[in-house]
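What follows is one structure encoded as structure tokens, with my remarks underneath.
Nothing in this text is a laboratory measurement; each read-out follows from the coordinates by a stated rule. Just so it is clear, the model here is predicted, and its values are computed rather than measured. Methodologically, a virtual Cβ is constructed for each residue, glycine included, from the backbone with ideal geometry; neighbour enumeration extends over all protein chains shown.
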Amino acid sequence: MECSKKSFSAAVEKVILVFLLFTTVCLFSLPIIVYYISDMFVPATVNSNDGTNYNETFPERNCSTIPVQWSKVNASLSCYEYAGSICEAFLTQWSECAAMREGSSVHVGVTEEKQMEHENTLKKLNDFIGQLNLESCAQVALPFLCQYMFPLSDCSTGTSYSATRDDCIMISERVCADVWDLGLRVGYDLPNCDELPKANALSTNLSTSNESITNNITCRDDFVKTNVICEPRCDRFEQSSHTETQIMIGSEVTAASIALLLSIVTIILSIKDHKMMFKYPSILILFQVIDIIILASIIIITAAGRDYLYCSSVSLLETLDNPTLFCKYGGALFHYSLINLVLWWFCNVAIFFHKILFPFQANRFERLGRNKYILATVIVVSMLVPLPAVIVGLTVKKVQYNLNRFPPQMCATSSEMWFYSNILPTDLFLGAGIFMLIIALWSIRKKSKIYKSTQLSTAEKKIILIFTSVSVFSLFSLGYVSSVIARVPAFEAALTQYFECEAFGHDPEKCSRSTFEKMYSPYMSAVAYFLIGLVSLTILNFVIKWQKMRTGGRTIVRNVSKVLLIKTNETSV
């Protein structure tokens, strides 16, 4: 009977172990699965049959009114059939005027993939200009943009036709100055006029009147009028309500200060007990403390000089185009330290796992002095692994470190880059570490039943507590950042739409902040920083020798009691 109970108990434990391991694999597979099945990073395609009549945007015109073109014979000309819809009417007229109409198709020098990107941009610009009722601007700007984005290709003669600098300057500086300036600010793919060729012929009948709508506009308090439009102020614009923003900033600074204070105390005590803390593998815990100090310091420094450190201009849009040095290098250091923190934790767990499951080999390595080589390898690998992603973030403009929250807090790379360089490695290292930790603890439990002992020293229990605190912090941060990245496309679209609405003056009934204000919880990042403080606390617990403190405390109490007793007796006498 007793034997059957033991076998049943063993079977239940194995089932629990398998369940925990399976749950771990599933839990840490979720961010990867969600990323690849979602279309949040897939460029939207344009349906050429979306039902919109773009002929109204491009009315019938004769060849003399087609914007000035530039032509050049090019032996290596690229020819792709135009697959869009927005510029179809204009391109058809243009090709006929250039006497190069071939059958029923129009050929351009742009790949089909690039055509779809340009179609998206033109559709947004067409809708935007239409909402503002700028008819004269639309009649010249959109045909010009069709010329710029879809340069015609005469496949038979090898001649290419494109937009010209003359028309670009006329449209951008006079006819559509307001809209053009806004388009540049919000990141539309508008041309740099200086890079376009001069026209081969005299300019055609472009209207020279500026259909301005920004002469008497009034901007919101957190916007500033620059040139002809209202732009969000870098030092004032907040994506949440002002009260929520202040609570969030205060919470983050408080949490970071607590983490920094605990970490500094840990470093001081570690120096005092350097014989134990500066050797393998305890020194890996100190490396985690250094990373926490860096993370907390960046948050506190940011709070002390947020506007000066992050705003390269009074305009937020211009700041986004030209991030400050602190933004880029502070973001890189934050990114590096965040990955490092998880790497040190993973290496520590792997060492613990090896010691528990392969104790004889671990003891042999220690006797042979191989631990110093293992430590050197761990340090080199952990220092090098985050570098490629950080270097890419600093050198590639498309994914460079930039503001991702308003008011500015910490700069990060683009959402897609952040997934591959932060979320994915954190997910893999954390999942593998917890997997090993479960197996190690299960092995300890199994051995404790056989040898009738706990098998864990006080130091090992403290290390497990550190492992647990880092796991909780990393799991929470992983879930929070994953949810943020999932909202990035919708948030950016809503924010761009709001900036466009406010650009030509504040209208409370027309420009709503509700589309982006509630997308992020303003308190989640503060919780993450409080969890960093929890990690610092568990590491401090590892460094402190509680037995010595209790003994020292008793000694101090006894000495104080003796002194008080002597003073009392002297007073009585």
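Packing here is the average count of other Cβ atoms within 10 Å per residue, and on that basis the peptides 412-418, 462-468, highest first, run 412-418, 462-468.
Distant-in-sequence amide contacts of Val224, defined by a placed amide H-H separation under 5 Å and a gap of 5 or more residues or a different chain, comprise Glu231, Arg233.
Ranked by the mean number of other Cβ atoms within 10 Å per residue, highest first, peptides 345-351, 370-376 order as 345-351, 370-376. Distances between placed amide hydrogens fall under 5 Å for Asn402 paired with Ala412, Thr413, all partners being 5 or more residues away or on another chain. Once both labels are positioned 7 Å from their Cα atoms along Cα-to-Cβ, the gap between Val381 and Lys446 label points is 2.4 nm.
So how far, in whole Å, is the C-alpha centre of region 454-518 from the one of region 248-301? Distance between centres, Cα-based: 24 Å. Working note: Karplus 6.51/-1.76/1.60 with θ = phi - 60° gives region 142-150 the couplings 5, x, 4, 5, 5, 4, 5, 7, 10 Hz, where Gly and Pro are set to x.
Given 0.36 nm per residue, what is the gain on full extension from Ile439 to Ser105 after removing their alpha carbon distance, in nm? Mind dumping the intermediate values first?
Numbers: separation 334, 0.36 × 334 = 120.24 nm, distance 6.48 nm.
Result: 113.8 nm gained on full extension.
A crude spin-label estimate for the pair Asn322 and Arg558, with each label 7 Å from Cα along the Cβ direction, gives 7.1 nm. Close amide H contacts of His107 (hydrogens built in the peptide plane, cut-off under 5 Å, sequence separation of 5 or more or a different chain): Tyr82, Ser153. For Glu112 and Val15, the FRET efficiency from 1/(1 + (r/R0)^6), where r spans their Cβ atoms and R0 equals 45 Å, is about 0.25. Which links in Lys275/Lys372; Lys114/Lys328; Lys328/Lys510; Lys372/Lys447; Lys279/Lys447 stretch past 26 Å when you go from one Cα to the other? Lys114/Lys328; Lys328/Lys510; Lys372/Lys447; Lys279/Lys447, as the Cα separations exceed 26 Å there.
Protection proxy ranking, highest mean first, for peptides 189-196, 235-242, 271-278: 235-242, 189-196, 271-278, where packing is the per-residue count of other beta-carbon atoms within 10 Å, averaged.
Within a Cβ distance under 11 Å of Tyr310, other residues only, what is the Lys/Arg minus Asp/Glu net charge?
Working: positive: Arg306, Lys328, Arg405; negative: Asp235, Asp307.
Result for the local shell: +1.
The alpha carbon centroids of region 326-349 and region 353-410 are separated by 8 Å.
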